[in-house]
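**Student:** Dropping a structure here in structure tokens format, bear with me for questions.
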Amino acid sequence: MKNILLSEAALGYLMHRGKPVIDQEGNPVRLCEGLWDRMTHDALKNVLAARDTPFKGKPRHSNHPYLLTGIAVCGNCHSRLYTQTSSDVPPRYVCTARNKGWPSAAHCRPAPLIRVHLLDEAVERWFLRTYGDGAIYETVYDPGNGVAERIAEVQATRERLRADREAGLYDASDDQAWFRER
């Protein structure tokens with residue numbers, strides 16, 4: 001999925017070995033309208049690059065849609081509650097700090113446990129009673145006239161051409177004379 005999002009093929013370009021195919025004028029060959037514009041593509045690249053960092057003390061997320069996973073804490077020792085599931089008992093939030101030998105949970109007896117649906121319903125009732133129904137705001141973007149997108153396209157093409165020149169793909173002597181004149 002990440003490769004699909006990062007590929008410039010999503011911009012509608014004909015691709016070969018991970019790079020856009022270039023026409024006679026030095027522009028990428030566009031096969032169709034892109035899924036998104038260049039600015040969105042660059043934003044996706046930035047977001048996905050930021051997600052490549054390894055976990056730094058963050059708890060692992062549960063695969064289950066429990067409302068308070070990673071949020072609920074024990075009322076006795078204030079440690080994080082974990083979810084336990086089994087085939088014969090409904091899912092529940094439990095405090096496992098005493099079992100792990102944490103000093104802060106030495107007096108956490110009996111280890112608190114509550115069924116997931118009971119705690120989730122109680123928190124949902126409290127939240128709706130406290131905050132109620134709120135206004136929903138929607139951000140609507142005006143696509144504009146496309147000038148910013150075209151500028152981003154030209155800058156990306158220029159960077160690609162500079163990289164090709166530095167790689168030695170355009171080293172003809174008549175090109176050098178033309179570049180000196182320009």
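**Student:** State which residue is least open to solvent (accessible area, probe 1.4 Å) when the search covers only the range 17-31 and only residues that are assigned to a loop (DSSP other than H, G, I, E, B) and free of Cβ contacts under 8 Å to residues at least 12 places away in the same chain. Show your work before the answer.
**Tutor:** Here is the first cut: in the range 17-31, the residues assigned to a loop (DSSP other than H, G, I, E, B) are 17-18, 21, 23-27, 29, 31.
If we keep only those that are free of Cβ contacts under 8 Å to residues at least 12 places away in the same chain as well, we get 17-18, 21, 23-25.
Working: ARG17: 216, GLY18: 67, VAL21: 45, ASP23: 61, GLN24: 187, GLU25: 151 Å².
Across the range 17-31, the extreme among qualifying residues is VAL21.
**Student:** Select from the range 32-53 the residues that are of a type in the set (A, V, I, L, M, F, W, C) and in contact (Cβ under 8 Å) with a residue 12 or more places away in the chain and write down the one among them that is least open to solvent (accessible area, probe 1.4 Å).
**Tutor:** Filtering first and then ranking leaves LEU48.
The values are calculated or read from the model by the stated rules, or taken from the named source; none is laboratory data. On a predicted model such as this, the values are computed, not experimentally measured, just so you know. All Cβ positions, glycine included, derive from the backbone under ideal geometry; neighbour counts span all protein chains shown. Accessible surface areas use protein heavy atoms only, side chains included; no ligands, DNA or RNA. Shrake-Rupley method; radii C 1.70, N 1.55, O 1.52, S 1.80 Å.
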